[in-house]
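Below is one structure, written out as structure tokens; the observations come after it.
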Amino acid sequence: MLLTRPTGRRPGRFRRWRRSRPFWGGLLALLAGAEICVLPLAPMKVMLQQGVAGIPSVLMGIVMIVLGLTAWFSPPQRNLAGVLTTLIATAALVLSNLGGFLIGTLLGILGGGLMFAWQPYAAPPAGDADPVTPLAGDTVSAAPPAAPSPTPTPHHDPQGAQS
């Protein structure tokens, strides 16, 4: 039996939740934090060095995981979380076994950048729809106009991206 999605169905709750926050940046920050945090717990053959480098590694990993969760559950704090994630990922390069063998550092820098760059969806004003007029020589297709997509609920943004 082939499961298909009805064409007129609205997106699911998870999809709406995911699109209303910097989901991918938070996910990459979580993965980077897990990589940096778990590496000191690996066998000694995998580790580059042990000792005092294990404590900062675990702490930086936990902080990066918390920052990823902050981006998910408090989107207005995404700028601070993004900058701190990038700084901690860069510091992990020096303080934590090459930042999780470079994987944790690269994931953290990319995740922090995605968190910082994400902007909430700002719906256009209701009477601001401009009809598209074809240019001279363009052909107009006979396809019916697409149904309007459901707009996500905008949330409070202290920096004014909604205006």
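Among the helices (runs of 4 or more DSSP H) confined to region 1-74, the ones with at least 2 residues that are under 11 Å from the mean Cα position of the chain (by Cα) and modelled with pLDDT of 90 or more are located at 23-38, 54-73. Taken as a whole, the condition of being modelled with pLDDT of 95 or more, in a helix (DSSP H, G or I) and either more than 22 Å from the chain's Cα centre (by Cα) or closer than 22 Å to residue 119 by Cβ (or both) does not apply to residue 98. If we scan region 75-91, do we find a residue that is of a type in the set (Gly, Ala, Ser), more than 12 Å from residue 29 (Cβ to Cβ), surrounded by fewer than 16 Cβ atoms within 10 Å (Cβ to Cβ) and at pLDDT below 95? Yes, region 75-91 contains at least one residue that is of a type in the set (Gly, Ala, Ser), more than 12 Å from residue 29 (Cβ to Cβ), surrounded by fewer than 16 Cβ atoms within 10 Å (Cβ to Cβ) and at pLDDT below 95.
The values are calculated or read from the model by the stated rules, or taken from the named source; none is laboratory data. The structure presented is a predicted model; accordingly, all values stated were derived computationally and were not measured. Positions of Cβ are generated from backbone atoms using ideal geometry, with glycine treated the same way; all protein chains shown enter the neighbour counts.
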